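J.: My questions all concern the structure below.
Quick note: the coordinates plus some simple rules give every number you see, no bench work behind them. All values derive from a computational prediction rather than experimental measurement. We place every Cβ from the backbone using ideal geometry, glycine too, and count neighbours over all the protein chains shown.
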Amino acid sequence: MVLPPIGLKHAKLGDFATVVNLQNGKVSDAIVANESAPELEMGEGSIALAVALGIDSDPRRGGIEHGVAYVIYSGSGNGKPRAMDEIVSTSPRYFQTWGGPQRLNSCLR
């Protein structure tokens, strides 16, 4: 996933994350991989992330404006890219330690 510069005040490149499509309940593991343009309110995800979340992945007309929650585990990364197997084995542990779906739902109320 990509964050705007303001988002990188609390997260760093390489931090692990959990991304949830609030419209269909699909969950995906991710890392903060890049910085976007400052004028973007929120970041963006890769084509692979869109597919995992059941979101139209077409780079020109796909994506959604609302309905995605990002849980980023500040300080969890090392500033470097990670292998997919490491992302999918590590992010769920952070999500459960953070409080999992119950805490996410309480944050969204």
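J.: So which trypsin sites (Lys or Arg not before Pro) in segment 10-82 pass both tests, a DSSP loop state and at most 10 other Cβ atoms within 10 Å of the Cβ?
T.: Answer by residue number: Arg60, Arg61.
J.: To continue, here is another question. List the equivalent ellipsoid semi-axes of segment 45-106 in whole Å, largest first, each obtained as the square root of 5λ for an eigenvalue λ of the Cα gyration tensor.
T.: 23, 17, 10
J.: Hey, what do the phi angles of segment 88-104 turn into as Karplus ³J(HN,Hα) couplings, whole Hz, using 6.51/-1.76/1.60 and θ = phi - 60°, x for Gly and Pro?
T.: After applying 6.51 cos²θ - 1.76 cosθ + 1.60, I find 6, 9, 9, 4, x, 5, 4, 4, 5, 4, 5, x, x, x, 4, 5, 4 Hz.
J.: Which whole-Hz couplings ³J(HN,Hα) result when phi for each residue of segment 37-45 is put into the Karplus expression 6.51 cos²θ - 1.76 cosθ + 1.60, θ = phi - 60°, listed in order with x for Gly and Pro?
T.: 5, x, 6, 6, 5, 9, x, 9, x
J.: Given the chain, what percent of its DSSP beta bridges are antiparallel, to the nearest 5?
T.: Bridges in the chain are about 85 percent antiparallel.
J.: Stretched out fully, how many nm does the piece from Arg109 to Gln23 gain, at 0.36 nm a residue minus the Cα gap?
T.: Here the answer is 29.5 nm.
J.: Quick check: pseudo-label points 7 Å beyond the Cα along Cα→Cβ at Glu41 and Val88, how many nm apart are they?
T.: Taking the two extended label points, one gets 3.3 nm.
J.: Under a point spin-label approximation (7 Å from Cα along Cα-to-Cβ), what is the Trp98-His10 distance to one decimal in nm?
T.: 1.0
J.: Now, a different point. For the chain, compute Rg over Rh where Rg is the Cα radius of gyration and Rh is the Kirkwood radius from the inverse mean 1/r over Cα pairs.
T.: Over the Cα atoms of the chain, Rg/Rh equals 0.93.
J.: Relative contact order, percent, of the chain when contacts are C-alpha pairs under 8 Å separated by at least 6 residues?
T.: Relative contact order for the chain comes out at 35 percent.
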